Amino acid sequence: MTPALLHRLIVAVADDVIAHADELTELDRAVGDGDHGINMKRGFEAVRADALSTAEKPLPDALKAIGTQLVMKVGGASGPLYGTLFLALSKEIAPDASNLPAAFAKAVEAVKARGKSQAGQKTMLDVLTPVQLALAEGEGDLPARLPDVAASAANATIPMLATRGRASFLGERSIGHMDPGARSSALIVASVCRALED
Amino acid sequence: MKDDTATEQAADRAELINAVGLHARPSVKLTQLAKTFDCRVEIALSADGPWVDAKSPVKVMRVKAPRGAVLHVRTFGKGARAAMDSLMSLVRSGFGEATDRPADIRHG
Amino acid sequence: MPNVGIVIVSHSPKIAEGAADMVRQMVGDNVNLAYTGGDPGGGLGTGVASIRAAIDRAWSEAGVAILVDLGGAETNSEIAVEMLDADRRGRVVVCNAPIVEGAVMAATEASGGSPLETVRRTAEELSPQ
């Protein structure tokens, strides 16, 4: 992991999230309070602003810096969750990312603990869990496969009934809408993979 | 003289004369005062109980005795009598609050 | 040992301040008390940084009990606690209690010199058992 690659990754993810802020807001208006896009944009603008200095750090420290920015700036319900994902990943990841599957698995567990939730409740975990499983299996060309795994998983949340988070208050009315957190995680996974393939 | 501090006890009662009775701030004051004593302190709305630990803020708050109710107090252990004097002073002073009936209080 | 400190974390700055006013008026001044409300963007919500600052303001060697309102306040408070130095982390608890009544009860308990666990337990007596 070179500073140049890390910088490319950070910028790619941040730019993608910022570019899709309106879409995330629309998705969140349907099932939540409509702030997911604004919150994520705020957080990733802060990450984007620090991209150069963050990329100079060893991978674990860079992830910690990103996680801290997200926790402090995103707010809402997703700030703590994305922050926890990156912070937990930063604690587990080897500087050369050689243990990514195991580290990512621990990070997903941390998100479950933080949100007191699990897969099947129509949340970002419904994307993170299949991605984590695909990483663990390690089959095929992962950067090529993972975006599809994530996108399919995000689509799969459309017919689901929300049983966690603000959307769960809508009950049956949450059915027929993609979960905003699932969409943003799928975006981030696709972004990382695309930047790695370039 | 036999040391009877372990079995020292006192019992007394007083009418709640303050406007809100044993609600909110008075219940907090009662608990805070009870906590300054080593001896056990209990309160009830009748001589038969049920008796409630006066050092527990939540339990005291839940007694919800209105103005006019009689508050029974009993204390056990070292300093029980001195504690009782202090607690009775607090209750009889109306917890230092307005003693008018709520309807009598003029506003504005 | 000094009294346990109390922190109030609400989505609303007004609720946080109002709850703190009630605590001060009902319990008095012998408990370290800090409050925070509102998110980094200035709207209703909570923020980790402001919670951390509130913990610092209310800090006591006997520890700190945090009272929260809705989910985000609890989650962000948990994160704020995890970000504390190791020697302080173990002396801060987030109470499962209604925010206003819990703060008043916790502060009452704290004002009597009770330890942190007792302060937490008292606040949590208000919640369904």
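Descriptive notes on the structure:
- Annotation for B:Phe76 and A:Glu45: the two label points, set 7 Å from Cα along the Cα-Cβ direction, are 6.5 nm apart.
- Residues of type aspartates and glutamates that A:Lys106 reaches as a straight line, Cα spacing below 15 Å, ignoring anything fewer than 8 places off in the same chain: A:Glu92
- Overall form of the protein assembly as shown per C-alpha gyration tensor (a/c, 1.5; a/b vs b/c): prolate
- Mean Cα-pair separation over length for segment C:1-101, i.e. relative contact order, pairs under 8 Å, 6 or more apart, %: 33 percent
- Approximate spin-label separation B:Ser93-B:Ala69, in nm, with each point projected 7 Å along Cα-to-Cβ: 2.3 nm
- Beta bridges per DSSP with both ends in the protein assembly as shown, % antiparallel, nearest 5: 50 percent
- Shape analysis of segment B:12-95 places it in the rounded category; the axes a ≥ b ≥ c from the Cα gyration tensor give an a/c below 1.5.
- Given R0 = 25 Å, the distance between the Cβ atoms of A:Ala156 and A:Glu26 translates into a calculated FRET efficiency of 0.85.
- Rounded Å value of the spacing that divides the Cα centres of segment A:22-37 and segment C:69-120: 32 Å
- A straight chain from A:Asp148 to A:Leu170 at 0.36 nm per residue would run longer than the Cα-Cα distance by 5.1 nm.
- Sorting the segments A:126-139, A:96-109 by their mean number of nearby beta carbons within 10 angstrom, highest to lowest, gives A:126-139, A:96-109.
- The calculated FRET efficiency for the pair B:Glu15 and C:Ser127, based on their C-beta separation and a Förster distance of 35 Å, comes to about 0.60.
- Pairwise centroid distance, computed over Cα atoms, of segment C:19-50 with segment A:119-145, Å: 41 Å
- FRET efficiency, 1/(1 + (r/R0)^6) with R0 45 Å, evaluated for A:Lys116 and C:Arg57 via beta carbons: 0.95
- Three-way shape label, segment C:5-124, alpha-carbon gyration tensor, a/c 1.5: oblate
- The simple spin-label model puts a point 7 Å past each Cα toward its Cβ; for B:Ser86 and A:Ala102 those points are separated by 6.0 nm.
Only the coordinates and a few stated rules stand behind these numbers; no lab work does. If you're wondering where the values come from, they're calculated on a predicted model, not measured in any experiment. Note that we place each Cβ from the backbone using ideal geometry, even for glycine, and neighbour counts take in every protein chain shown.
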